[in-house]
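Following: one structure in structure tokens, then a few remarks.
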Amino acid sequence: MANVIRFNRRWILLLGATAGFLLVCVLYRLNRKAAPPAPPLPIRDTPSYWPTPLEQAVCRPKIYVYKAPETFQVSKRVQEERCHESNYNSEIILHNQLTNASSPIYKHYVTENPEEATFFFIPFFGACYLYNCWAENGWRWDERCNVDTKYVDPMMDMVINELPYWNRTNGRNHIMIHPMDKTFTYYENHARFQPAVFLKTVGDKREKWMQRHRYGRDIVIPSATRVIHHMQVDPLSYLNHDGQPKSGKRDIFVLFQGCCPDVKPEDEYSNGIRSLMFQYFSHYPGYEIGQVIADLEYIQKLGRAKYGLSPMGWTLDTTRIWEFMAFGVVPVVIADGIIEPFEYDVDWDSFIVRVRRDQVHRLDEILRGIDDEAYEYKRKKLWEYGRRVGLEKDAWHFIVRELCRMENIKAPVNLGLGY
Ligand SMILES: *[C@@H]1O[C@H](CO)[C@@H](O)[C@H](O)[C@H]1NC(C)=O
Ligand SMILES: *[C@@H]1O[C@H](CO)[C@@H](O)[C@H](O)[C@H]1NC(C)=O
């Protein structure tokens, strides 16, 4: 009898405790429900926030473009035929925008009168000179075709000796482009042009390549890409004006078509990152990971992908990111230490996902953990804003912002772009 009573009392106590616990839970939830959701913050005045609208320029300098004679300049034919396909073609694309009298960039910034110029652009196409040299010599990358004596020297002789502007500032307001992996180090006589500002496609904070990045004197710019700049595919043939696929939805979760399936985890190439992509992620559902495929097939996939992998290769940047961005594919950047183009003005983290090397093995978990709302935020920022950074869009406006700061010119002006 005593046993039964004790048993009952124990049950009653247990039930009571459970009921109490449930009550606390319910009250807690009710209490949370009662608290209103936080509203988005209002916009007071744009100068208090970052990033600045692109049209609100730091200054509007005038740029004079030197004209190099045909005697040493890379021929128009080589520029337009051979180098058009090259991923290093940013030097010619940006030059063409400066010299095309009907381009908006020309109208905004170019002057034909060097006396009124703030900056001087040297039409140096060293990457095209070497690309053509390599193509003509069976792609032997150590071939130089006398680039120093036949190209660097005549170019710099012209700039330094024919007009007085280089000497007036010892070249510091002169600009030239070095769009290849090893930047200016291809040229033995690079000391001659060191005082100039360099525009380069590789931005790298690692100790290993420190001598290739001149802090405060180099501006990182976008790369040229095969699909957008060589084939000149218009993403709007595949996407609606809001950046969503005409085909309906983005049904490829993760896309990567590129090098190299044989990478080992301990390799220098891609710091081993691509080994996980080819050996593991290529088997995951929703992942399209493989080597380079036919252009048209790739372009169609760009129009269907949600995320695009941008892992480092030999350098931290990959040209494919510019194709992803043009097609509204949210880039997943795996490149610790990268300096992205125009970091002072472009809010990269609003439209990319960064995954560190020591987290790449968790890639799927990380991407699946991004909910629809967070994804849509990035996708929209990319489409409305990030996409404009490309060479074919607003790159010059961003370059100019950095030039203004380098020369410490603060003369804000509205460019009237409407964004
Ligand atoms: C010059 O710029 C205009 C306007 O952007 C463009 O339509 C035209 O194709 C350009 N011309 C050349 C030769 O690039
Ligand atoms: C600029 O300075 C160099 C070195 O002193 C000189 O050789 C050159 O003639 C000068 N250029 C001009 C246009 O005077």
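Look through segment 128-156, keep the residues that are free of Cβ contacts under 8 Å to residues at least 40 places away in the same chain, in a helix (DSSP H, G or I) and touching a helix residue (DSSP H, G or I) at 6+ places or on another chain (Cβ under 9 Å), and return whichever of them is nearest to ligand 1 (Cβ to nearest atom). In this case the residue turns out to be 133.
Number of residues in segment 102-119 that are outside any helix (DSSP H, G or I) and either within 16 Å of ligand 2 (Cβ to nearest atom) or more than 25 Å from residue 164 (Cα to Cα) (or both) equals 3. Taking every residue in segment 64-88 that is not assigned by TED's automatic domain parsing to the domain that holds residue 137 and pairing it with any residue that is surrounded by fewer than 20 Cβ atoms within 10 Å (Cβ to Cβ) and not basic (Lys, Arg), at least 6 positions away or on another chain, yields no pair with a Cβ-Cβ distance below 9 Å. A Cβ distance below 8 Å, combined with a sequence gap of six or more or placement on separate chains, defines the contacts here; from segment 94-106, residues that are near ligand 1 (Cβ under 6 Å from one of its atoms) reach no residue that is modelled with pLDDT under 95 and assigned to a helix (DSSP H, G or I). Residue check: residue 249 meets all listed conditions (1) touching a helix residue (DSSP H, G or I) at 6+ places or on another chain (Cβ under 7 Å); (2) more than 30 Å from residue 119 (Cβ to Cβ); (3) not hydroxyl-bearing (Ser, Thr, Tyr) but one, namely (1).
Taking the residues in segment 159-201 that are of a type in the set (Phe, Trp, Tyr) and within 16 Å of ligand 2 (Cβ to nearest atom) as candidates, determine which candidate is farthest from residue 338 (Cα to Cα). Give the steps one after another, and end with the answer.
Residues of segment 159-201 of a type in the set (Phe, Trp, Tyr): 165-166, 184, 186-187, 193, 198.
So of that shortlist, the ones also within 16 Å of ligand 2 (Cβ to nearest atom) come out as 165-166, 193.
Numbers: 165: 34, 166: 32, 193: 25 Å.
The selected residue is 165.
Considering segment 157-197, the residues that are in a helix (DSSP H, G or I) and touching a residue at least 40 places away in the same chain (Cβ under 8 Å) include one that is farthest from ligand 1 (Cβ to nearest atom), namely 192. Where in segment 341-419 are there helices (runs of 4 or more DSSP H), lying wholly inside it, with at least 1 residues that are at pLDDT 95 or above and aromatic (Phe, Trp, Tyr)? Output list reads 372-384, 395-406.
Could you identify the single residue in 80, 116, 85 that is among the acidic types (Asp, Glu), within 13 Å of ligand 1 (Cβ to nearest atom) and farther than 20 Å from residue 398 by Cβ?
Working: 116 fails: within 13 Å of ligand 1 (Cβ to nearest atom); 85 fails: within 13 Å of ligand 1 (Cβ to nearest atom).
Result of the check over 80, 116, 85: 80.
The values are calculated or read from the model by the stated rules, or taken from the named source; none is laboratory data. Remember, predicted model here, so these are calculated numbers, not experimental data. Every residue, glycine among them, receives a Cβ derived from its backbone with ideal geometry; neighbour counts consider all protein chains shown.
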